[in-house]
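S.K.: Got a structure for you, questions after.
The values are calculated or read from the model by the stated rules, or taken from the named source; none is laboratory data. None of these values were measured; they are calculated from a predicted model. Please note: Cβ atoms are built from the backbone with ideal geometry, for glycine as well, and neighbour counts cover all protein chains shown. Side chains are part of the model used for accessible areas, which takes the heavy atoms of the whole protein and leaves out ligands, DNA and RNA. Shrake-Rupley method; radii C 1.70, N 1.55, O 1.52, S 1.80 Å.
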Amino acid sequence: METIKEEVYKCSKCGLCQSVCPIYLATKNEMYLSRGRYIVLNNFFNNNKKISKKFINNLDICLNCNACKNFCPSNIDAKSIFTKLKNKYNYRYGIIPFSINYFFNLFIKSFKKKTPVVKRNKKISNYTKEKVLYFQGCVNRFVNSSDKNATLNILENLGYQVINVSNNCCGLPYLSDGNFKEFDRNSLKILKSIPPEIKYIVCSCDSCYKTLKNINTISDKLITLDELLSLNNYKIKTENNIVYHKPLSKKENSFINLPMINRKGSCSTMENFFLLKHPEFIEELIEKIFYKKEEIDNKTIITTCQLDKVGLKKGIKTINSNANLYSLAEYICLSDKDFQEK
Ligand code: SF4
Ligand code: SF4
């Protein structure tokens with residue numbers, strides 16, 4: 001708690017975070033802003049009061065994007081403070097209501113009648129490269145299998161033998177709840193499921209990749225699909241009107257040679273699973289911080305985070321844009337004959 005206090009005391013109340021916090025920009029509510037929270041925390045600390053449950057629950061109204069930290073002259077790490085507090089005060093959004101109430105009710109509707117954009121090709125048998133494990137992530141597993149199909153097609157066409165497709169969750173819901181104990185338990189489960197002979201654990205979702213990087217013992221084997229394509233000297237076909245929506249979770253050295261579209265804050269609203277957990281904020285967030293219709297109309301948007309893809313899909317629909325949206329793997333399978341079924 002002492003380190004949290006020290007961090008919070010660093011806030012000069014300059015208010016610069018107001019200009020970048022997506023939730024504040026959408027709601028104008030200081031209680032959803034890092035500054036407002038630090039003021040209340042100071043009050044708790046200075047008066048030796050116990051931090052209220054209401055305050056802790058309110059911390060979940062945050063995208064965990066850390067845009068405020070990146071803009072803060074005192075470099076205060078809001079995401080770290082909020083998750084540590086959630087951990088200390090046992091905040092639990094809960095994986096069961098999360099999956100049952102929102103995942104299924106909210107999104108299955110928008111995907112269920114559609115066939116996948118990319119279907120699975122027939123398996124090939126002449127593997128020339130190493131054995132790999134594909135970490136598909138929960139979005140691909142439960143909501144939309146098209147990116148999974150496309151990634152498997154690409155890996156096999158490149159010559160990799162996919163000996164396992166992981167059904168595990170990367171643990172991001174636990175991390176965003178500050179539930180470090182459950183995160184560690186989930187990480188052990190992941191570790192047990194990884195065959196020792198594999199060269200790579202391939203992720204087509206940047207959020208899964210970034211979360212799995214917290215598990216030190218597998219860190220060296222993790223690779224994103226775009227990094228693997230680059231290792232194979234593959235260049236993504238660029239055409240007019242194709243833009244890359246770079247997820248916040250994307251590491252800096254992206255291997256994607258597409259023009260990047262500017263983003264405003266955390267425009268997909270998916271950090272901290274916000275779109276699923278707090279749908280009451282979504283319309284406001286999309287209206288205030290999503291791309292403008294004229295920025296994305298007639299464009300094809302590519303992304304490398306499957307969570308972002310769900311948020312982008314919702315945003316595109318809300319602003320009535322005609323933009324097309326694909327994951328990187330889907331785009332490659334649809335645009336490059338080398339990766340289509342022979
Ligand atoms: S930018 Fe940093 S120092 Fe300024 S008010 Fe926000 S949290 Fe405090
Ligand atoms: S982490 Fe993002 S959403 Fe949360 S307070 Fe900071 S800028 Fe706002």
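S.K.: Output the strands (runs of 3 or more DSSP E) that fall wholly within the range 160-266 and possess 2 or more residues being under 24 Å from K129 (Cα atoms), or say none.
M.R.: So the answer is 161-166, 200-203, 222-224.
Table: residues versus (1) assigned by TED's automatic domain parsing to the domain that holds Y174; (2) of a type in the set (S, T, N, Q); (3) near ligand 2 (Cβ under 8 Å from one of its atoms); (4) in contact with a Lys or Arg (Cβ under 7 Å, 6 or more places away or on another chain).
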residue: V8; (1), (2), (3), (4): no, no, no, no
residue: K13; (1), (2), (3), (4): no, no, no, yes
residue: S19; (1), (2), (3), (4): no, yes, no, no
residue: A26; (1), (2), (3), (4): no, no, no, yes
residue: L41; (1), (2), (3), (4): no, no, no, no
residue: N47; (1), (2), (3), (4): no, yes, no, no
residue: I51; (1), (2), (3), (4): no, no, no, no
residue: S80; (1), (2), (3), (4): no, yes, no, no
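Table: residues versus (1) among the basic types (K, R); (2) modelled with pLDDT of 90 or more; (3) more than 15 Å from ligand 1 (Cβ to nearest atom); (4) touching a strand residue (DSSP E or B) at 6+ places or on another chain (Cβ under 9 Å).
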| residue | (1), (2), (3), (4) |
| --- | --- |
| Q18 | no, yes, no, no |
| V40 | no, yes, no, no |
| F45 | no, yes, yes, no |
| N58 | no, yes, yes, no |
| L63 | no, no, yes, no |
| N66 | no, no, no, no |
| N70 | no, no, no, no |
| I81 | no, yes, no, no |
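S.K.: Quick one: in the range 297-340, which of the residues that are within 12 Å of D147 (Cβ to Cβ) and in a strand (DSSP E or B) is most open to solvent (accessible area, probe 1.4 Å)?
M.R.: Filtering first and then ranking leaves Y326.
S.K.: Within the range 278-296, which residues are of a type outside the set (A, V, I, L, M, F, W, C) and crowded, with 21+ Cβ neighbours inside 10 Å?
M.R.: Y291
S.K.: Take the residues in the range 10-33 that are among the hydroxyl-bearing types (S, T, Y) and in contact with a Phe, Trp or Tyr (Cβ under 8 Å, 6 or more places away or on another chain), then tell me which one is most open to solvent (accessible area, probe 1.4 Å).
M.R.: Checking each candidate, the answer is S19.
S.K.: Taking N240, is it away from ligand 1 (no atom under 16 Å from the Cβ), open to solvent by 40 Å² or more (accessible area, probe 1.4 Å), modelled with pLDDT of 80 or more and among the polar types (S, T, N, Q)?
M.R.: In short, yes.
S.K.: If I go through the range 20-33 residue by residue, how many of them are more than 9 Å from ligand 1 (Cβ to nearest atom), within 22 Å of the chain's Cα centre (by Cα) and in contact (Cβ under 8 Å) with a residue 12 or more places away in the chain?
M.R.: 5
S.K.: Right, something else. For the range 63-95, which positions are part of a loop (DSSP other than H, G, I, E, B), hydrophobic (A, V, I, L, M, F, W, C) and open to solvent by 20 Å² or more (accessible area, probe 1.4 Å)?
M.R.: Across the range 63-95, the qualifying residues are C65, C72.
S.K.: Which pairs turn up if I take residues in the range 40-61 that are over 18 Å from Y91 (Cα atoms) and assigned to a loop (DSSP other than H, G, I, E, B) and look for partners that are of a type in the set (D, E, K, R) and open to solvent by 10 Å² or more (accessible area, probe 1.4 Å) with beta carbon separation below 8 Å, at least 6 apart in sequence or on another chain?
M.R.: Pairs that qualify, where the first residue is over 18 Å from Y91 (Cα atoms) and assigned to a loop (DSSP other than H, G, I, E, B) and the partner is of a type in the set (D, E, K, R) and open to solvent by 10 Å² or more (accessible area, probe 1.4 Å): there are none.
S.K.: Go through (1) within 11 Å of ligand 1 (Cβ to nearest atom); (2) open to solvent by 30 Å² or more (accessible area, probe 1.4 Å); (3) among the small types (G, A, S) one by one and return the number of the condition G36 breaks.
M.R.: Unmet for G36, out of (1) within 11 Å of ligand 1 (Cβ to nearest atom); (2) open to solvent by 30 Å² or more (accessible area, probe 1.4 Å); (3) among the small types (G, A, S): (2).
S.K.: Name the residues in the range 125-156 that are open to solvent by 60 Å² or more (accessible area, probe 1.4 Å) and either assigned to a loop (DSSP other than H, G, I, E, B) or modelled with pLDDT of 85 or more (or both), would you?
M.R.: Within the range 125-156, S125, N126, Y127, T128, K129, E130, K131, R141 meet the criteria.
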